[in-house]
């Protein structure tokens with residue numbers, strides 16, 4: 001092996017005499033080894049657990065505020081680290097450079113993600129908006145930090161149409177989604193029954209275990225012409241107390257527990273229904289059996305599951321809208337709580353306008369004095385006007 005390596009090095013020296021010893025050594029490494037090392041390194045990078053971008057932004061902002069206090073600039077600090085050299089930097093400059101590099105890399109990552117989200121159909125709506133808003137945060141932060149919070153840089157960003165267009169696009173997507181959720185939920189409320197629909201679980205009750213078939217008395221036939229008095233004790237022997245029909249149309253069945261007579265087919269439907277008193281005698285309410293296990297009907301379950309999904313979507317949309325509002329307030333507002341909520345307020349008014357125009361009798365109301373907290377309430381829209 002050593003002889004082969006020596007021969008190879010002599011060949012490289014003859015062919016490439018100007019290469020440095022390091023470059024010559026690299027040429028002797030098999031490409032498979034290089035690819036393997038590269039793949040291992042890239043896998044480690046992919047598995048790296050990055051700090052949240054807001055944490056990286058706050059670290060760089062603290063460094064910037066310290067430079068402002070010392071009447072120095074961010075660009076000047078970067079030039080100083082370059083002049084000293086990486087291996088000779090003191091600890092505080094190493095920390096500064098690390099925070100700068102982390103923020104810069106975060107901005108690059110978010111830019112790539114935002115570009116992918118804007119063009120891909122495989123990214124869901126909320127992930128799409130979140131990465132685009134994160135990209136705006138990182139871009140704005142990197143530019144303002146790099147210029148040491150320069151007011152002129154903030155003015156330039158305000159005048160750039162790309163920033164506002166991206167914010168408006170994200171807001172429009174959120175408004176459309178919030179409106180879709182509210183409208184669909186309003187439709188579901190109309191579909192849900194006033195009383196909860198239930199269905200039984202397991203086998204039906206067997207009617208024959210509760211009594212026996214009987215032949216109705218002769219008076220039952222005569223009662224077809226002369227209906228019996230409901231208050232008489234023999235009423236149940238002449239007509240079924242469930243369907244109020246005589247026993248000539250369906251067989252009579254005598255209950256063993258209380259002795260009352262009822263139509264057999266009616267009793268089977270009665271005992272196996274989901275009614276509250278389905279376990280009792282339909283005539284005297286004597287307890288006959290234990291209740292069968294019940295559950296929500298498949299239709300009701302499907303509607304309630306959809307409602308829960310819609311509620312989750314609405315909460316996500318409102319949380320992201322708060323992030324949009326904070327970013328808009330930072331860039332275009334005064335950056336203080338007094339102007340917080342103006343962007344969300346305009347979006348909420350648009351949702352309320354759509355609710356009013358489409359007869360959806362719910363709308364947003366501000367929850368107390370909290371700027372970014374809104375609650376859905378049932379409302380009666382004024383004719384031709386929108387209450388927000």
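A few remarks follow.
- Residue 172 more than 30 Å from residue 254 (Cβ to Cβ) and either out of contact with any strand residue (DSSP E or B) (no Cβ under 8 Å at 6 or more places or on another chain) or surrounded by 14 or more Cβ atoms within 10 Å (Cβ to Cβ) (or both): yes
- Wholly enclosed helices (runs of 4 or more DSSP H) of region 185-287 bearing at least 3 residues modelled with pLDDT of 90 or more and within 48 Å of the chain's Cα centre (by Cα): 264-271
Residue by residue, here is whether (1) in the same structural domain as residue 203 (by TED's automatic domain parsing); (2) under 30 Å from residue 190 (Cβ atoms) holds:
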{"residue": "259", "(1), (2)": "yes, no"}
{"residue": "276", "(1), (2)": "yes, yes"}
{"residue": "280", "(1), (2)": "yes, no"}
{"residue": "304", "(1), (2)": "no, yes"}
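- Looking only at region 166-196, residues that are free of Cβ contacts under 8 Å to residues at least 24 places away in the same chain and over 14 Å from residue 325 (Cα atoms) come to 7 in all.
- Scanning region 104-159 for residues that are within 18 Å of the chain's Cα centre (by Cα), without any contact (Cβ under 8 Å) to a residue 24 or more places away in the chain and part of a helix (DSSP H, G or I) returns 117, 127, 131.
- Once region 308-337 is narrowed to residues that are exposed (fewer than 15 other Cβ atoms within 10 Å of the Cβ) and assigned to a helix (DSSP H, G or I), the residue that is modelled with the lowest pLDDT is 337.
The values are calculated or read from the model by the stated rules, or taken from the named source; none is laboratory data. Just so we're clear, the structure is a prediction, and the values are computed from it rather than from any experiment. All Cβ positions, glycine included, derive from the backbone under ideal geometry; neighbour counts span all protein chains shown.
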